[in-house]
Amino acid sequence: MIHMDPQERRQLQLERLQSTLNRACRNVRFHQERFEAAGRDPAEIQRLEDLQRIGFTYRRDLGEHYPYGLFAVPLRDIVRIHTASGTTLKPAVSGYTRQDLLVWREIVARALEAGGVSPADILQITLDPGLSNWGRDYKEGAEAVGASVIPYTPLSLEKQVMVLRDYRTSVLVTTPASAGQLAMHLHLTGVQPALLGLKRLILVGEPVAAGLRAELEARLQVETWQHYGLSEVPGPAIGFECSRHAGLHINEDHFLPEIVDPASGEVLPEGETGELVLTTLTTRAFPLIRFRTGDRARFIPGACDCGVTLRRIAWLAERTDEMLSIRGVKVSPDQVRATIQAALGRLPGNCRFFRRVQDARHWLEVWIGIDDGLFSDEIKELQRLIQTVGSRLEEGLGVPVTVRILEGRSFAADPGDPESDRG
Amino acid sequence: MLRIRNLKCYYGKIMALKGVSLHIGQGELVTLIGTNGSGKSTLLQAICGLMNHWDGEIRFKDASLRGFDPPAVVKAGISLVPEGRQIFPPLTVEDNLMLGAYTRLRRGERQAVARDLEMVSQLFPVLRERVQQLAGTLSGGEQQMLAIGRALMARPQLLVLDEPSMGLAPLVVARILETLADLRREGLTILLVEQNARAALQIADRGYVLETGRIVLEGRAADLLVDEEVKRAYLGKDYRDFDEGR
């Protein structure tokens, strides 16, 4: 399939797109209503380009149809239900049929094999709780390849290193942020990377800057591969790097990619940078039609000399939406605000949050300006406040969070960090 | 080998096929499953030049079949085994078979036709035994074999079958489908339309599920065979409510 003639692939994509639209319109009211509102019938989609006539699906739509409103098969056909943080207090819930899980296993296995992973490898999965869904998908994909898998388990950095060293891990699936932290830890504790069995890093969750990538490869003495995926819905490895490391091949037999202008929504000419929009072609339980990923990307024209004919994208830093990417986990500002509001009973007048990075550690930092409503002369009260907000956020987002309560003047100060300033 | 895009067929004002796209690769056995009235036979009729009006694109070996009448389609390399066999009862088995090679005989391919007659006789030994018998006196299963044999006599590159199992005993059905699997192994490309979805999926490479004129599923036959929705709708499992107690 990965070497399929592009002409044949377009036929296959059209067939799969049409049957996906037919199923979605038959079984999901949300999709049906969008077609009806536009006065369109799925039969009008006669070429892949005709998809442009259909409206987008946004992240907020997932929350609005919580929990099962976008499922396209009866619940009894669902064998797995995934929950990921959404854009509001309501999470994004996606479902999988038995068939869907098999497809994901194939997709992940294909991506791992393109990165040289083989049955000879010991593969360790280290992700933040916010990406635990991917942990399961990577486990199954790597098992399908035949590698020995050390599945995702939340471990301290020290324990991770112990496993890495003692179990002789050869492939590590992790985020660029975690990999950076690991490299720093090894450096500080004097562990020689050459003494580890680590050969490959599969970097997921966020695009890795060229500088960081070179640094990781040099410090850890490994080769790195990037994978592109969606954390809220279907899963990881929608795009993967081949041995040439020249962009990410999109699994076009399962996804139809488009690059659109984030402002106008118009499809952009090939090679221009815009927002990646994905439509599922084989998903049964949870079809997505023109899903706005918020990821910035552009198509790389021409064929890759690795022989794989799947089209490639360059995945670029910064997003086209206001989501923050913290250790590969997408964090919605609306959800942060809603969580703080739920924890405190109201949203404080002064509230800011940032992605912070220090010594290769990444976390979400929340500043709450003290006001009459929050003020207490008891330190214990304020500590309780900090803890409540912090733990609610960590639970909801699955990333490390630090909460600080500040007075007016400090609150207004420059956070002194070049990272994103939102809130 | 065969590529269809956005095929729409009408009976008067009624649209029987609402934009169907499918393809069959060289050497593949592809099955089309669906209930009565889903549009399966309409699709075959359009391919075989039996529909006067259709919109969209049907291409066979990279050439359009638009405007082809049935003989032209046969000449292009597509043979149909029609629903209900439609053999000629008052003619002998041999004459029925020779009729299948009619265009070839007119081209003077006598020797090649004789070889194919031998090939069909080997494929269905029962036809050899009854070669001089009138076709109308054959059993249902034998008539079906004759219909397939007749289609093969045209030396098709694509064999199209419309409900070959209809009205036949399970053992006979198994025998016929086995023959199709053998032909596929020998390199023949086959499009099989069947109501007996399980049997068809067991021998097919890929399948399409047609529902009220639209394709709602496609995939590897092995995957469709274990698909919950296909099982419920076509493999004799019941269909209950959407949430059913959950």
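The values are calculated or read from the model by the stated rules, or taken from the named source; none is laboratory data. Given the structure is predicted, the values throughout are model-derived calculations rather than measurements. With ideal geometry, Cβ positions are generated from the backbone for all residues, glycine too; neighbour counts draw on all protein chains shown.
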Out of everything in region B:10-25 that is of a type outside the set (D, E, K, R), more than 24 Å from B:ASN196 (Cα to Cα) and more than 11 Å from chain A (Cβ to nearest Cβ), what residue ends up being surrounded by the most Cβ atoms within 10 Å (Cβ to Cβ)? B:TYR10
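Considering each of A:LYS159, A:LYS139 in turn, give the residue that is under 29 Å from A:VAL191 (Cβ atoms), free of Cβ contacts under 8 Å to residues at least 24 places away in the same chain, touching a strand residue (DSSP E or B) at 6+ places or on another chain (Cβ under 8 Å) and surrounded by fewer than 23 Cβ atoms within 10 Å (Cβ to Cβ). Give the steps one after another, and end with the answer.
Working: A:LYS159 fails: touching a strand residue (DSSP E or B) at 6+ places or on another chain (Cβ under 8 Å).
Only one candidate qualifies: A:LYS139.
Do we find that B:ASP227 is within 14 Å of chain A (Cβ to nearest Cβ) and touching a helix residue (DSSP H, G or I) at 6+ places or on another chain (Cβ under 8 Å) in this structure? Give the derivation first.
Working: within 14 Å of chain A (Cβ to nearest Cβ): yes; touching a helix residue (DSSP H, G or I) at 6+ places or on another chain (Cβ under 8 Å): yes.
It is true that B:ASP227 is within 14 Å of chain A (Cβ to nearest Cβ) and touching a helix residue (DSSP H, G or I) at 6+ places or on another chain (Cβ under 8 Å).
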Unique residue being in contact with a strand residue (DSSP E or B) (Cβ under 7 Å, 6 or more places away or on another chain), among the hydroxyl-bearing types (Ser, Thr, Tyr) and under 30 Å from B:GLY213 (Cβ atoms) when the list is A:THR57, A:THR83, A:THR126: A:THR57
Restricting to region B:153-180, give me the number of residues that are in a helix (DSSP H, G or I), surrounded by fewer than 21 Cβ atoms within 10 Å (Cβ to Cβ) and either touching a residue at least 60 places away in the same chain (Cβ under 8 Å) or not aliphatic (A, V, I, L, M) (or both). 4
All but one of (1) more than 23 Å from B:VAL230 (Cα to Cα); (2) touching a helix residue (DSSP H, G or I) at 6+ places or on another chain (Cβ under 8 Å) hold for B:VAL209; which doesn't? (1)
Sole exception among (1) of a type in the set (S, T, N, Q); (2) under 23 Å from A:LEU397 (Cα atoms); (3) crowded, with 18+ Cβ neighbours inside 10 Å for A:GLN341, by number: (3)
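Sort out which residues of region B:26-59 are under 21 Å from A:ARG47 (Cβ atoms) and within 14 Å of chain A (Cβ to nearest Cβ), and write them in order of number. Spell out the reasoning first.
So the first thing to find is which residues in region B:26-59 are under 21 Å from A:ARG47 (Cβ atoms), and the list is B:43, B:46, B:54-59.
B:LEU43, B:TRP54, B:ASP55, B:GLY56, B:GLU57, B:ILE58, B:ARG59 - these are the residues of region B:26-59 that are under 21 Å from A:ARG47 (Cβ atoms) and within 14 Å of chain A (Cβ to nearest Cβ).
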Restricting to region B:188-229, name every residue that is within 19 Å of B:LYS8 (Cβ to Cβ) and among the β-branched types (Val, Ile, Thr). B:VAL193, B:VAL209, B:THR212, B:ILE215, B:VAL216
From the option list A:GLY373, A:GLY396, A:GLY345, A:GLY349, single residue qualifying as within 20 Å of A:GLY63 (Cβ to Cβ) and among the small types (Gly, Ala, Ser) is A:GLY396
Please list, ordered by residue number, the strands (runs of 3 or more DSSP E) wholly in region A:40-134 having 1 or more residues that are away from chain B (no Cβ under 14 Å) and modelled with pLDDT under 95. A:78-84, A:92-97
Hits in region A:2-15 (condition: of a type in the set (A, V, I, L, M, F, W, C) and either in a helix (DSSP H, G or I) or away from chain B (no Cβ under 11 Å) (or both)): A:ILE2, A:LEU12, A:LEU14
The one condition in (1) outside the structural domain of B:VAL20 (by TED's automatic domain parsing); (2) in a strand (DSSP E or B); (3) of a type in the set (Lys, Arg) that B:ARG150 fails to fulfil: (2)
Residue that is surrounded by the fewest Cβ atoms within 10 Å (Cβ to Cβ), among those in region A:252-269 that are in contact with a Leu (Cβ under 7 Å, 6 or more places away or on another chain) and among the charged types (D, E, K, R): A:ASP261
Failed condition for A:GLY211, given (1) surrounded by 15 or more Cβ atoms within 10 Å (Cβ to Cβ); (2) more than 18 Å from the chain's Cα centre (by Cα), with all others met? (1)
In region A:387-407, what residues are of a type in the set (A, V, I, L, M), farther than 21 Å from A:THR175 by Cβ and crowded, with 16+ Cβ neighbours inside 10 Å? A:VAL389, A:VAL403, A:ILE405
Could you tell me which of the residues B:LEU191, B:LEU210, B:LEU217 is away from every other protein chain (no Cβ under 14 Å), in a strand (DSSP E or B) and under 26 Å from A:LEU21 (Cβ atoms)? B:LEU191
Just name the residue that is surrounded by the most Cβ atoms within 10 Å (Cβ to Cβ) out of those in region B:26-35 that are of a type in the set (S, T, N, Q) and modelled with pLDDT of 95 or more. B:THR31
If a residue must be closer than 24 Å to B:LEU192 by Cβ and surrounded by 20 or more Cβ atoms within 10 Å (Cβ to Cβ), how many such residues does region B:80-115 contain? 9
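Looking for whichever is more than 30 Å from A:MET323 (Cβ to Cβ) and out of contact with any Lys or Arg (no Cβ under 7 Å at 6 or more places or on another chain) here; the options are A:GLY211, A:GLY197, A:GLY190, A:GLY180. Which one fits?
On the way: A:GLY211 fails: more than 30 Å from A:MET323 (Cβ to Cβ); A:GLY197 fails: out of contact with any Lys or Arg (no Cβ under 7 Å at 6 or more places or on another chain); A:GLY180 fails: more than 30 Å from A:MET323 (Cβ to Cβ).
Testing whether each residue is more than 30 Å from A:MET323 (Cβ to Cβ) and out of contact with any Lys or Arg (no Cβ under 7 Å at 6 or more places or on another chain) leaves just A:GLY190.
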Tell me yes or no: at least one residue of region B:36-43 is farther than 27 Å from B:LEU225 by Cβ, surrounded by fewer than 18 Cβ atoms within 10 Å (Cβ to Cβ) and assigned by TED's automatic domain parsing to the domain that holds B:ASP205. no
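Taking into account only those residues within region A:162-182 that are within 12 Å of A:LEU123 (Cα to Cα) and under 21 Å from the mean Cα position of the chain (by Cα), which is surrounded by the most Cβ atoms within 10 Å (Cβ to Cβ)? Don't jump to the end; show me each part of the working.
Start the filter on region A:162-182 by keeping residues that are within 12 Å of A:LEU123 (Cα to Cα), which leaves A:163-164, A:167-174.
Narrowing further to those that are under 21 Å from the mean Cα position of the chain (by Cα): A:171-174.
Values: A:VAL171: 28, A:LEU172: 26, A:VAL173: 33, A:THR174: 25.
For region A:162-182, the residue satisfying everything is A:VAL173.
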